[in-house]
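Notes follow the structure.
The values are calculated or read from the model by the stated rules, or taken from the named source; none is laboratory data. Predicted, not measured: the structure shown is a model, and the values here were computed from it. With ideal geometry, Cβ positions are generated from the backbone for all residues, glycine too; neighbour counts draw on all protein chains shown. Heavy atoms of the whole protein, side chains included, go into the accessibility calculation; ligands, DNA and RNA do not. Shrake-Rupley method; radii C 1.70, N 1.55, O 1.52, S 1.80 Å.
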Amino acid sequence: MTAPIDLRSDTVTKPTPAMRRAMAEAEVGDDVLDGDPTVRRLEARVAELLGKPAALFFPTGTMANQAGLWLLGEPGTEVYCHDDSHIVNWEIAGTAALAGLQVRVVRGGPVMDADALRAAFRPYSVHAPRASVVCAENTHNGAGGMVTPLARLQALQETAASKGLPLHLDGARLWNAHVATGTPLAEFAACAATVMVSFSKGLGAPVGAALAGDAGPMRRAWEVRKRFGGGMRQSGILAAAALHGLEHHLPRMHEDHARARQLAAALADIPGTRVVPPDTNIVMIDLLDGLTSAQVAARARAAGVLVTEWHDTRVRCVLHLDIDDAALRRASAVLAEALVA
Ligand SMILES: Cc1ncc(COP(=O)(O)O)c(C=O)c1O
């Protein structure tokens with residue numbers, strides 16, 4: 001039986017033979033005890049790419065996001081997050097459980113913008129919680145990999161700064177925003193005090209993320225990571241995969257975006273559906289005529305294609321390293337049938 005075509009996420013990629021070789025050959029040390037040379041190289045490379053003084057390797061994006069919030073936020077205050085953000089929906093209320101922050105969700109628009117943030121600010125009152133941090137997500141997963149262009153991110157930062165609030169950037173897919181717009185990573189990153197980037201999505205590494213920021217906070221981030229249980233030993237094996245992804249897979253990421261556009265075009269005219277035009281590698285399909293995402297996913301699965309039931313009437317398809325043109329053609333044909341009411 002042939003393997004299914006897996007469009008559920010860009011996290012499903014398997015390390016390539018070349019990536020596995022890079023991992024096998026990595027120079028390693030004990031990163032908790034006295035440092036791992038390959039991890040050091042990765043951290044220096046990420047800091048350079050993001051134009052930040054320091055970066056720290058984390059096992060997951062979730063842990064790096066939570067560490068960023070822990071560093072910037074103050075327990076007993078609020079964090080402003082978009083209502084459909086990863087931090088709100090998929091991090092098991094880590095904001096409350098780990099950082100002691102109450103989420104104030106910002107509504108309006110598929111991603112957070114300056115006007116929506118301003119509208120969410122509370123007037124000062126001794127009875128109301130203060131805020132201590134704002135989070136942005138770029139690209140935005142729930143909005144279908146939507147890019148927040150640099151000018152809008154800068155406006156968001158300025159609006160946050162007008163209240164003395166630092167910005168944390170969930171940049172799990174900041175690579176995609178950079179590839180789609182040509183905006184240097186460092187210009188996006190300059191808008192935020194802390195930036196999380198992930199290696200286990202479009203870059204194709206099996207594990208890993210980084211948090212970047214100023215040197216002082218990143219020294220504290222080392223402690224927070226240890227406290228969260230994220231101190232890793234010979235983690236150079238994992239850092240080697242991330243370095244390999246940066247060198248070899250970042251330059252091909254535009255292919256995922258082109259295939260996302262092709263998939264969207266192939267599915268554009270199916271009655272009862274609406275395809276969100278993709279900015280990057282994620283294609284969201286809204287079901288308008290009674291069909292449910294569970295029905296579509298089951299039909300597609302039976303025909304060898306896996307998709308995500310994003311919610312009852314929204315299906316998510318993600319293009320990635322392991323989807324070539326032949327897989328795309330097959331998936332397009334299967335989905336074109338599965339979406340017919
Ligand atoms: C936008 C966003 N942020 C954070 C994460 C968390 O990354 P991880 O799965 O490495 O914890 C994800 C994972 O899908 C994501 O899509």
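Before anything else, pin down the relative contact order of the range 43-117: Cα pairs under 8 Å, at least 6 apart, normalised by residue count, whole percent. The partial results should precede the final answer.
Working: 82 pairs, mean separation 19.7, N = 75.
The value is 26 percent.
Comparing A186, A172, A241 in a Gaussian network model of the chain (Cα springs below 10 Å), the most mobile by mean-square fluctuation is A186.
Distance between the pseudo-spin-label points of R274 and D34 (7 Å out from Cα toward the beta carbon): 6.2 nm.
Solvent-accessible surface (1.4 Å probe) assigned to V276 amounts to roughly 20 Å². Between the range 294-341 and the range 95-114, what's the alpha-carbon centroid distance in Å? Centre-to-centre (Cα) distance: 31 Å. Ordering M284, G142, V105 by Cα displacement along the dipole of the chain toward the positive end leaves V105 in first place; charges were set at the Cβ atoms of Lys, Arg (+1) and Asp, Glu (-1). Cross-link reach is defined here as a Cα-Cα straight distance under 14 Å, omitting same-chain residues fewer than 8 places apart; for K52 the aspartates and glutamates meeting it are E43, E187, D214.
Which lysines have a Cα less than 21 Å from the Cα of K201, not counting those fewer than 8 places away in the same chain? Within the straight-line limit of under 21 Å, K201 reaches these lysines: K14.
When only Cα pairs under 8 Å and 6 or more residues apart are kept, what is the percent relative contact order across the range 1-156?
Relative contact order of the range 1-156: 18 percent.
The modelled label-to-label distance for the pair R330/R227, using points 7 Å beyond Cα in the direction of Cβ, is 4.9 nm. Kindly identify the chain as rounded, prolate or oblate by the Cα gyration tensor criterion: order the square roots of the eigenvalues as a ≥ b ≥ c, call it rounded if a/c is under 1.5, otherwise compare a/b with b/c, prolate if a/b is larger, else oblate. Cα axes put the chain in the oblate bin. Taking all protein chains together and rolling a 1.4 Å probe, E337 ends up with roughly 140 Å² accessible. Comparing G171, G182, G144 in a Gaussian network model of the chain, where Cα atoms under 10 Å apart are tied by springs, the biggest mean-square fluctuation is seen for G182.
Given a Förster distance of 45 Å, report the FRET efficiency between A298 and E27 from their Cβ-Cβ distance, rounded to the nearest 0.05. Efficiency, rounded to the nearest 0.05: 0.45.
For the chain, the share of accessible area belonging to carbon and sulfur comes to 53 percent (1.4 Å probe, ligands and nucleic acids excluded). From the Cα gyration tensor of the range 186-341, with a ≥ b ≥ c the square roots of its eigenvalues, which class applies: rounded if a/c is under 1.5, or else prolate if a/b is larger than b/c, or else oblate? In terms of gyration-tensor shape, prolate.
Accessible area per residue for the range 1-61 is 53 Å², calculated with a 1.4 Å probe on protein heavy atoms, without ligands, DNA or RNA. Dipole magnitude for the range 195-239: computed about the Cα centre from +1 point charges on Lys and Arg Cβ and -1 point charges on Asp and Glu Cβ, it is near 160 debye.
Is the shape of the range 102-151 rounded, prolate or oblate, going by the alpha carbon gyration tensor and its root eigenvalues a ≥ b ≥ c, with a/c under 1.5 for rounded and a/b larger than b/c for prolate? Before the final figure, lay out the partial values.
Details: a/c = 2.64, a/b = 2.32, b/c = 1.13.
Verdict is prolate for the range 102-151.
With a cut-off of 8 Å between alpha carbons and a minimum separation of six or more residues, what is the relative contact order of the chain in percent?
25 percent
In this structure W222 has an accessible area near 90 Å², from a 1.4 Å probe over the protein heavy atoms. Residue by residue, the range 211-224 carries 3J(HN,Hα) couplings of 10, 10, x, 5, 4, x, x, 5, 5, 5, 4, 4, 5, 5 Hz when phi is fed to the Karplus relation 6.51 cos²θ - 1.76 cosθ + 1.60 (θ = phi - 60°); x denotes Gly or Pro.
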